[in-house]
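Just so it is clear, none of the values below were taken in a lab; they were calculated from the coordinates. Here the structure is a predicted model, which means the values were calculated and not measured. Note that we place each Cβ from the backbone using ideal geometry, even for glycine, and neighbour counts take in every protein chain shown.
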């Protein structure tokens, strides 16, 4: 009887017992790993919700504003570009790209705040 109990106890794992160390030598527990995975899932869900809300309000932007934001932030299938790279592609100055970006973000913030 005692042997069975001992075997069962050996298989129990406590959440706060150290299971290893990180690169800096700090001890890591199972709880650290579990909570960080849950946080990542929560962050991904929040990001998807924000992305959906943002997409709903893209209609308030002009085609050029939409294009600049898509290029700047890598939305859709675009890769992220600098303002200078966007300016070269669109044949406009970097400072004009900056003004378009600022105006478009202002419109989106206003639209998202009023919904």
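Fewest neighbouring Cβ atoms within 10 Å first, the residues 102, 107, 89 line up as 102, 89, 107. Counting neighbouring Cβ atoms within 10 Å and putting the fewest first, the residues 59, 110 line up as 59, 110. Length gained on full extension, residue 55 to residue 105, computed as 0.36 nm times the residue gap minus the Cα-Cα distance: 16.7 nm.
Remark: 62, 98 ranked as 62, 98, counting other beta-carbon atoms within 10 Å and listing the fewest first.
Note the full-extension length gain between residue 41 and residue 92 as 0.36 nm times their separation in residues minus their Cα-Cα distance, in nm to one decimal.
Details: separation 51, 0.36 × 51 = 18.36 nm, distance 3.99 nm.
Between residue 41 and residue 92, full extension yields an extra 14.4 nm.
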